[in-house]
Amino acid sequence: MASGPLICDTEPWKNLKAHVDDVKKTHLRELLADEERCKSMIIDHDGIVLDFSRQQILKETIEGLFKLAEAARLKEKIDKMFSGEKINQTENRSVLHAALRAARDAVIYSDGCNVVPDVWSVLDKIKSFSESVRNGSWVGATGKALTDVVSVGIGGSFLGPLFVHTALQTDGEASHSAKGRELRFLANVDPVDVARSIAGLNPETTLVVVVSKTFTTAETMLNARTLREWISSALGAQAVAKHMVAVSTNIELVEKFGIDPNNAFAFWDWVGGRYSVCSAVGVLPLSLQYGFSIVEKFLSGARSIDNHFHSTPFEKNIPVLLGLLSVWNVTFLGYPARAILPYCQALEKFAPHIQQVSMESNGKGVSIDGIPLPYETGEIDFGEPGTNGQHSFYQLIHQGRVIPCDFIGIVMSQQPVFLKGEPVNNHDELMSNFFAQPDALAFGKTPEQLVSENVPNHLIPHKTFSGNRPSLSILLPHLTAYNIGQLLAMYEHRVAVEGFVWGINSFDQWGVELGKSLATQVRKQLHSSRTAEEPIKGFNYSTSTLLSKYLEAETGIASSTSTVLPRV
């Protein structure tokens, strides 16, 4: 394996390390008093405003980060990604999620072939199929229209589409298009999730979308078999072909499962699961719910950011700046976490999706060449919509650990409410907190201020806010399908920038494999213990004891036969 120098051995890295002390000497109160500095740290693109003036940075910090980007060959790596080079070296794959939303006439190569026509072939197929289901020309086995969709998939096959679906539900245009229809997601193999996903649904009017690239993912395929039984037990085995479709590349297993191969929608190995929402993985269920024209606007928004990311100089490049600031916070300032705080309830599933995009991508301990890293990579991402989070974990953010925050606000609410006699409308109330919280984190409150407010001496330590806590603000004009696409692509590319600078592979995920392989051994043991009463063996004492107690307790609580699923 090739072993090039690590980024931490470069002069720009060492200079930034030495620069940390200079930054820590200056409080954000002083930095925010410098209007010229603040002006240079507010940029906009295509309706998006990014304000990073509340980051713990000087102008020299940004200059140093750009030099670090140059040392990391960031521009070259971005170009390689967009040109289809196999930058996912451990899996020998291109990384082309941007091709999923490319314009029809774009040219993007992988293995010497332009992949864009293949992408649009699948998109056209989705458009045709979703329209036939929505207009009632494709019906279920009993002749009834299919008004409800259950999308079965886990990880990237679930979190991204769920985020987009949740964000679109209260958009006026999208919700009107979805009237009379319902979209649900089934991810967890827990039978509780199965029960919830089909509660109140009629198999006669339900279409199941099974999302699995290989059609072998254990959790997804067990859930798919469970819903197949739900359909066939109510409507007969022949109904499966009319009530189940697939997003997969394994046509042989799709057909063996009972799904018509003509109703399989392809995607490609150059699409990582957590980056696949713009493929058939997300586009098919979302088009069935909202119509292809709405989803096409979502793809256009993502395309806008793709073009911006690929072509804009770093000084005005939103994903590049976001990525470099994350590297600064994580690796140089030593802040391991990041809070994603959308002041918009429609974005309640955004942080869970970005948790996967970020933590599965950049949770690595070795370089792309396999060298153990002497510095930390990756962030611990979490979040909750404001103002809910303010009454939950903001206490820690204000007076406990320092956690850099992303504040995301929307200018125009999807559902504006104006109450007569109220001084501000509901959205103004929400956004007042969006504007106030970053200042509270940055400025804090000093003991001297508290004394001037006649706060009792014994309470002053408790009411003091240190401030100097970094954040950035992202302001979107609306939350339409287009803006949702912008936001998604912005964060996807931010994660890539971090990985490119750290010198890791952001596009594989070997860390999820070990637990899955050990689970296979447990699964075999459970089966053999129940069917052949074989003793538990091959596990450590702790696991063996827990397995024994599980089997013993199960026998006393319930039989091991399958639960009968609800029928119509």
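The numbers here are math on the coordinates, done by the rules we state, and not lab data. Not measured: the values here are computed from a predicted model. A quick note on method: Cβ atoms are made from the backbone with ideal geometry, for glycine too, and the neighbour counts reach across all protein chains shown.
Quick notes on this structure:
- Averaging the Cα positions of each part gives two centres, and for the range 355-425 and the range 446-461 these lie 31 Å apart.
- By the Kirkwood approach, averaging reciprocal distances over each pair of separate Cα atoms, the chain gets a hydrodynamic radius of 25.9 Å.
- Unit charges at the beta carbon, dipole of the range 368-421: most positive-side option, Pro416, Gly386, Ile397: Pro416
- Per-residue Cβ neighbour counts within 10 Å put Val189, Val357 in the sequence Val189, Val357, beginning with the fewest.
- Peptides ranked, highest mean first, by Cβ atoms within 10 Å: ranges 381-392, 212-223, 6-17: 212-223, 381-392, 6-17
- Dipole size of the chain about its Cα centre, with +1 on Lys/Arg Cβ and -1 on Asp/Glu Cβ: approximately 880 debye, rounded to the nearest 20.
- Phi angles across the range 452-467 convert, under the Karplus curve 6.51 cos²θ - 1.76 cosθ + 1.60 with θ = phi - 60°, into 3J(HN,Hα) values of 5, 8, 6, 6, x, 4, 5, 9, 4, x, 7, 9, 7, 10, 5, x Hz, Gly and Pro given as x.
- The distance from the alpha carbon centre of the range 476-534 to that of the range 304-340 is 21 Å, rounded to a whole number.
- Simple Cβ-charge dipole of the range 511-557, Lys/Arg +1 and Asp/Glu -1, about Cα centre, in debye nearest 20: 120
- Cut-off under 5 Å, modelled amide H: who pairs with Phe393 long-range: none
- Taking amide H as placed 1.01 Å from N in the peptide plane, Ser367 has its amide H under 5 Å from the amide H of Leu373, each at least 5 places away in sequence or on another chain.
- MRE, 222 nm, helices only [DSSP H, n ≥ 4, -39500 (n - 2.57), over the chain, to nearest 500]: -14000 deg cm²/dmol
- Both numbers refer to the Cα atoms of the range 463-534; Rg and Dmax are 23.1, 66 Å.
- Summarising the amide proton neighbourhood of Ile410: residues at separation of 5 or more, or on other chains, whose placed amide H is nearer than 5 Å comprise Leu476.
- Mean Cβ count within 10 Å, highest first, over the residues of peptides 93-99, 127-133: 93-99, 127-133
- Mean Cβ count within 10 Å, highest first, over the residues of peptides 236-245, 319-328: 319-328, 236-245
- Alpha-carbon centroid distance for the pair the range 186-232 / the range 24-103, whole angstrom: 40
- The 3J(HN,Hα) values that the Karplus relation (6.51, -1.76, 1.60; θ = phi - 60°) gives for the range 157-166 are, in residue order, 7, 10, 5, x, x, 5, 4, 5, 4, 5 Hz. Gly and Pro appear as x.
- Sorted ascending by nearby beta carbons within 10 Å, beginning with the fewest, Arg54, Arg73 become Arg73, Arg54.
- Exceedance of the 25 Å cut-off in Cα-Cα distance is limited, within the set Lys77/Lys349; Lys524/Lys549; Lys86/Lys364; Lys213/Lys256; Lys77/Lys127, to Lys77/Lys349; Lys77/Lys127.
- Annotation: the residues Val295, Val417, Val20, sorted from fewest to most other C-beta atoms within 10 Å of their own C-beta, follow the order Val417, Val20, Val295.
- Positive end of the dipole of the chain (Cβ unit charges, origin at the Cα centre): among Met490, Val451, Val277, the Cα lying farthest that way belongs to Val277.
- Farthest positive-ward along the range 420-568 dipole, Cα basis, beta-carbon charges - from Leu472, Asn433, Phe500: Phe500
- Counting only Cβ charges, +1 for Lys and Arg and -1 for Asp and Glu, the dipole size of the range 97-296 around its Cα centre is about 280 debye.
- Global form of the range 511-557, assessed from the alpha-carbon gyration tensor, a/c cut-off 1.5: prolate
- Oblate is the label for the range 403-451, because the ratio a/c of its alpha-carbon gyration tensor axes (a ≥ b ≥ c) is 1.5 or higher and a/b is not greater than b/c.
- The modelled label-to-label distance for the pair Ser529/Thr170, using points 7 Å beyond Cα in the direction of Cβ, is 4.6 nm.
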